[in-house]
Amino acid sequence: MTETSEAHSSRPRTGRALLAAVLVAVVITVGFARPAAAAILWDGNASKGFGVFAAVLCDGGSATVTDWNDGHGAIFSLNKPVGSDRCEVHSINDESRLGDNRTLWFGWDLNTKTGNAQTVFQWKSNGTNDQHQQNYPVIMKVEDGRLRVWYVAPGETWIGIGSAAWTPGTWNAIQLGITTSSGSAGSIEVYLNGTRIAARSGVRTWDDLGNKPRWGTYGATIANTESHVWVDDPRLGTDRGSVS
Ligand SMILES: [Ca+2]
């Protein structure tokens with residue numbers, strides 16, 4: 001009877017043969033090692049509806065999905081009414097993607113009705129009051145016709161880290177990179193329409209109970225005016241390219 005290759009491979013290997021096989025495997029593994037491939041971690045395409053977020057905070061306002069037939073397809077419309085200070089979407093529906101010691105890139109397109117939508121993005125800390133050291137380590141505002149970015153350090157210390165002219169009534173592409181750190185090894189980068197407008201490293205970007213993103217329009221100073229913003233297809237990825 002002819003010995004099959006299957007039977008042959010089932011023979012016990014000698015120690016030397018096993019060692020050789022292990023060495024070959026190690027060489028192959030090391031030789032083919034590459035940095036982790038860029039990847040999308042969360043896709044908030046507006047065609048999926050508001051279920052891509054954990055919550056909608058828009059009491060009395062209007063949070064809808066619409067389509068202007070301008071090539072953007074479905075978009076999130078967030079309209080804050082007079083008498084309310086916010087119309088925001090809160091966090092993502094897969095919070096396992098968020099954590100300490102990670103590099104997180106958020107990308108989205110933003111259109112604001114006016115040049116004063118106030119807070120359009122928060123890297124909001126979980127918990128309240130005494131539960132956090134930083135209420136919101138990163139804040140982005142559309143204010144006085146500019147997009148302004150702050151790092152907010154423990155002690156509610158607001159540090160402006162960059163700004164750029166903002167044109168309301170048009171789409172603006174934003175990418176925000178956050179390296180999360182509950183120590184001081186964090187970093188922040190913001191790109192507006194392809195230009196880096198803010199950056200800071202050596203900062204604390206992950207609070208005691210963690211953080212999550214918020215998009216929309218919020219601010220006590222605009223409580224008495226309507227503020228309407230549109231967010232297109234927010235997404236989270238491992239690098240800027242994956243969310244651009
Ligand atoms: Ca879209």
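Any read-out appearing in this document is the output of simple, stated calculations on the displayed coordinates, not a laboratory observation. Not measured: the values here are computed from a predicted model. Cβ placement follows ideal geometry from the backbone for every residue including glycine, while neighbour counts extend to all protein chains displayed.
Structural remarks
- Extents of the stretch 110-179, taken as max minus min of Cα coordinates on every principal axis and listed largest first, are 39, 23, 20 Å.
- Between helix 15-31 and the chain there is an angle of about 30 degrees, using the helix long axis and the longest principal axis of the Cα atoms.
- Residue-count net charge about Val149 - beta-carbon cut-off 13 Å; Lys, Arg +1, Asp, Glu -1: +3
- Taking GluC sites (Glu not before Pro) in DSSP loop conformation with at most 14 other Cβ atoms inside 10 Å as exposed sites, the chain has its longest uninterrupted site-free stretch at 4-155.
- Pairs of lysines in the chain whose Cα atoms sit within less than 23 Å of one another amount to 10, provided the residues are eight or more positions apart or on different chains.
- Sequence ranges 129-135, 50-56, ranked by mean other-Cβ count within 10 angstrom, highest first: 50-56, 129-135
- Taking a ≥ b ≥ c as the square roots of the Cα gyration tensor eigenvalues, the stretch 89-135 comes out oblate, since a/c reaches at least 1.5 and a/b does not exceed b/c.
- Gyration tensor (alpha-carbon) shape descriptor, the chain, a/c threshold 1.5: prolate
- About its Cα centre, the dipole of the stretch 74-132 is roughly 200 debye, where the only charges are +1 on Lys and Arg Cβ and -1 on Asp and Glu Cβ.
- Put in line by how crowded their Cβ is, counting other Cβ atoms within 10 Å and starting with the fewest, Thr221, Thr179 read Thr221, Thr179.
- Using the empirical formula 2.2 N^0.38 Å as the baseline, the Cα radius of gyration of the stretch 155-212 reaches a ratio of 1.28.
- Using a simple spin-label model with pseudo-atoms 7 Å out from Cα toward Cβ, Asp94 and Ala38 lie 1.8 nm apart.
- For the chain, the 222 nm mean residue ellipticity estimated from helices alone, with every DSSP H stretch of n ≥ 4 adding -39500 (n - 2.57) and the total spread over all residues, rounds to -3000 deg cm²/dmol.
- Note that the stretch 101-244, at 10 °C in a medium of 1.306 mPa s, gets a Stokes-Einstein diffusion coefficient of 105 µm²/s from its Kirkwood radius over C-alpha pairs.
- Sparse-neighbourhood loop sites, chymotrypsin sites (Phe, Trp or Tyr not before Pro) in the stretch 97-173 - DSSP loop, at most 10 other Cβ within 10 angstrom: none
- Packing rank of 75-87, 193-205, where each peptide gets the mean count of other beta carbons within 10 Å, highest leading: 75-87, 193-205
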